[in-house]
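Q: Here it is: the structure, laid out below.
Please treat every number below as a calculation from the coordinates, not as lab data. Bear in mind that the values here come from a model prediction, so they are computed numbers and not experimental data. Neighbour counts run over all protein chains shown; Cβ positions are idealised from the backbone, glycine included.
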Amino acid sequence: VIAARAREAPAEETTAPLSGFQLGPLVWFSVSFPVIHFSLTRLGFATPELAAIREVLTLVLLILIAAMVVIYTRLMRAENRRLDTERIASQETIEHLAFHDDLTGLPNRRLLADRMTLALSRARSYNWHLTVLLIDVDDLKTINDTFGHEAGDTILCQLAQRLRRSIRDNDTVARLGGDEFVALVEGLRTEEDAHRATEFR
């Protein structure tokens with residue numbers, strides 16, 4: 001059991017001490033044979049006539065204990081896999097929230113700054129231009145005051161979807177906060193390309 005878990009464990013976990021639930025079944029299985037044999041002997045199975053029955057009972061009980069150990073180990077492995085899956089999902093969620101807007105799902109200010117740095121570096125390397133578009137929603141405060149913040153959030157989400165559909169996959173549209181959005185379009189050669197990039201659908 002311990003050898004199987006050591007082969008399946010990641011490298012950083014192989015040096016960790018064995019926990020109680022890992023060592024317990026192996027110790028119980030190791031001491032079960034002499035305990036069972038001694039118990040059956042004390043119960044009157046020590047006579048030669050009952051020796052065969054004693055050995056059969058011992059073997060049956062050992063098989064049952066071995067089956068319990070195997071089932072227990074598989075349950076622990078399944079539980080560990082479930083916990084690892086939840087941990088990875090939680091880490092991905094935390095990382096996504098750190099770099100994306102929680103309302104629209106667009107990149108936030110931090111991720112935009114990183115992509116802007118990369119875009120400037122590529123523009124210098126390939127000798128092309130990039131366009132930065134600042135976009136906001138007119139009278140959003142009036143909409144929030146009149147129809148409520150849910151209506152304003154719906155408008156922001158719909159605008160975010162339209163902006164995302166209107167740019168190429170290698171471009172970036174981000175939300176700075178409130179009603180402010182930024183579209184970063186790179187790989188432009190001429191001024192006409194920049195004008196075409198502003199024609200959002």
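Q: Suppose R0 equals 45 Å. What FRET efficiency, 1/(1 + (r/R0)^6) with r the Cβ-Cβ distance, do Leu97 and Ala52 give to the nearest 0.05?
A: Numbers: r = 67 Å, r/R0 = 1.50.
E(calc), rounded to 0.05, equals 0.10.
Q: Per residue of region 105-110, in order, report the coupling 6.51 cos²θ - 1.76 cosθ + 1.60 (Karplus, θ = phi - 60°) as ³J(HN,Hα) in whole Hz, putting x for Gly and Pro.
A: Taking θ as phi minus 60°, the curve returns x, 6, x, 9, 4, 5 Hz for region 105-110.
Q: Another question, if that's okay. Which length gain, in nm to one decimal place, applies between Ala89 and Leu133 when the Cα-Cα distance is subtracted from 0.36 nm times their residue separation? Kindly include the intermediate steps, with their values, before the conclusion.
A: Working: separation 44, 0.36 × 44 = 15.84 nm, distance 3.37 nm.
Separation in residues times 0.36 nm, less the Cα-Cα distance, equals 12.5 nm.
Q: Assuming R0 = 22 Å, can you tell me the calculated FRET efficiency for the pair Cys157 and Arg110, based on Cβ-Cβ distance, to the nearest 0.05? Write down the numbers at each step before the final one.
A: Numbers: r = 20 Å, r/R0 = 0.93.
Efficiency at R0 = 22 Å is approximately 0.60.
Q: Another question, if that's okay. What is the gain in length, in nm to one decimal, between Ile65 and Asp145 on full extension, counting 0.36 nm per residue of separation less the C-alpha to C-alpha distance?
A: Details: separation 80, 0.36 × 80 = 28.80 nm, distance 6.95 nm.
Roughly 21.9 nm would be gained on extension.
Q: Rounded, prolate or oblate for region 46-126? Axes are the square roots of the Cα gyration tensor eigenvalues, ordered a ≥ b ≥ c, and the cut-off for rounded is a/c under 1.5.
A: prolate
Q: Provide the gained length on full extension for the span Ser121 to Asp193, in nm with one decimal, where the gain is 0.36 nm per separating residue minus the Cα-Cα distance.
A: Working: separation 72, 0.36 × 72 = 25.92 nm, distance 1.96 nm.
Computed gain between Ser121 and Asp193 is 24.0 nm.
Q: Under the classification rounded if a/c is under 1.5, otherwise prolate if a/b is larger than b/c and oblate if not, where does region 74-201 fall, given a ≥ b ≥ c as square roots of the Cα gyration tensor eigenvalues?
A: Details: a/c = 2.98, a/b = 1.33, b/c = 2.24.
Oblate shape, in that a/c is at least 1.5 and b/c is the bigger or equal ratio.
Q: Return the long-range amide H neighbours of His100 (sequence gap of 5 or more, or a different chain), with a cut-off of under 5 Å between placed amide H atoms.
A: Residues meeting the criterion, in which the H sits 1.01 Å from N, are Asn108.
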